[in-house]
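The values are calculated or read from the model by the stated rules, or taken from the named source; none is laboratory data. Being a predicted model, the structure only gives us computed values, none of them experimental. Positions of Cβ are backbone-derived with ideal geometry, glycine not excepted, and every protein chain shown enters the neighbour counts. Just so you know, the surface numbers come from the protein's heavy atoms only, side chains and all, with ligands and any DNA or RNA stripped out. Shrake-Rupley method; radii C 1.70, N 1.55, O 1.52, S 1.80 Å.
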Amino acid sequence: MAIFKGDGFVVDDWRFLTQAEELPPDGKIILTLPQWLAIRAWVLHDRPLGLLLEPGEVLKPGHDLQAIAPDFSRFALIVVAFPKFTDGRGYSLARQLRGAYKYQGELRARGEILFDQLQLLARCGFDSFEIEDAVTIQLLETGRRPRIKTFYQPALGPEIPERTRPWARLAAN
């Protein structure tokens, strides 16, 4: 897959652990939430780990963000899946991770991500993107970037000052 980070494509040095595979002694590994819950008690802190969050998975009892929040500092990478480009749950997950849970590591959007969504995903806290859509990849490779300058909703990062844009909603305190 193509990983877009910063202002270009980068080599992905992370890999997903298969269901039947044992945790290898080294390397950057991404675990699913069920895999993490099964091994979290005995995994050492001295290795980079990633966590894959499927939007429907974090709605199950015991799998919600509150239940795994104490573990977030153990992850250098959290990947949020977008099974369909119309699925907006990943935006909410990103806002919760960056806002309520103060997650500081890399936050990656993965899946059916379209060019027009990239800037809005970044405003929610994503800083890398695993892109499958061929048109989006082609646009980014040719140097195109989504550039919206005026937004209705407040977001993470620099903003036009509140009360200077009468059409906009005020940020929550």
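Of everything in region 95-106 that is surrounded by 15 or more Cβ atoms within 10 Å (Cβ to Cβ), within 23 Å of K28 (Cβ to Cβ) and of a type outside the set (A, V, I, L, M, F, W, C), the residue that is farthest from the chain's Cα centre (by Cα) is Y101. Within region 74-83, track down each residue that is under 15 Å from the mean Cα position of the chain (by Cα) and of a type outside the set (A, V, I, L, M, F, W, C). Once the filter is applied, which keeps residues that are under 15 Å from the mean Cα position of the chain (by Cα) and of a type outside the set (A, V, I, L, M, F, W, C), region 74-83 yields only P83.
The single condition from (1) touching a Lys or Arg at 6+ places or on another chain (Cβ under 7 Å); (2) farther than 12 Å from E130 by Cα that V79 fails is (2).
When each of D26, D12 is tested for being open to solvent by 60 Å² or more (accessible area, probe 1.4 Å) and acidic (D, E), the lone residue that passes is D26.
Residue-wise test of (1) charged (D, E, K, R); (2) open to solvent by less than 50 Å² (accessible area, probe 1.4 Å); (3) part of a helix (DSSP H, G or I).
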{"position": "P70", "(1), (2), (3)": "no, no, yes"}
{"position": "L77", "(1), (2), (3)": "no, yes, no"}
{"position": "K84", "(1), (2), (3)": "yes, no, no"}
{"position": "L93", "(1), (2), (3)": "no, yes, yes"}
{"position": "R108", "(1), (2), (3)": "yes, yes, no"}
{"position": "D116", "(1), (2), (3)": "yes, no, yes"}
{"position": "Q119", "(1), (2), (3)": "no, yes, yes"}
{"position": "T136", "(1), (2), (3)": "no, yes, yes"}
{"position": "L139", "(1), (2), (3)": "no, yes, yes"}
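Only one of R145, R123, R89, R110 is at pLDDT 90 or above and under 26 Å from W14 (Cα atoms). Can you tell me which? Checking each option against the conditions leaves just R110. Cβ-Cβ contacts under 7 Å between residues 6 or more apart (or on different chains), taken from a first residue in region 97-112 that is over 17 Å from F4 (Cβ atoms) to a second residue that is of a type in the set (S, T, Y) and open to solvent by 40 Å² or more (accessible area, probe 1.4 Å), are absent.
The set of residues in region 15-34 being under 16 Å from the mean Cα position of the chain (by Cα) and either more than 25 Å from L65 (Cβ to Cβ) or assigned to a strand (DSSP E or B) (or both) consists of R15, F16, I29, I30, L31, T32. The residue of region 95-106 that is nearest to F16 (Cα to Cα), among those that are out of contact with any Gly (no Cβ under 7 Å at 6 or more places or on another chain) and not in a loop (DSSP other than H, G, I, E, B), is E106. Taking each residue of region 30-47 that is open to solvent by less than 80 Å² (accessible area, probe 1.4 Å) and looking for partners that are modelled with pLDDT of 75 or more and not in a strand (DSSP E or B) with beta-carbon atoms closer than 6 Å, six or more apart or interchain, yields L31/L17; L33/E57.
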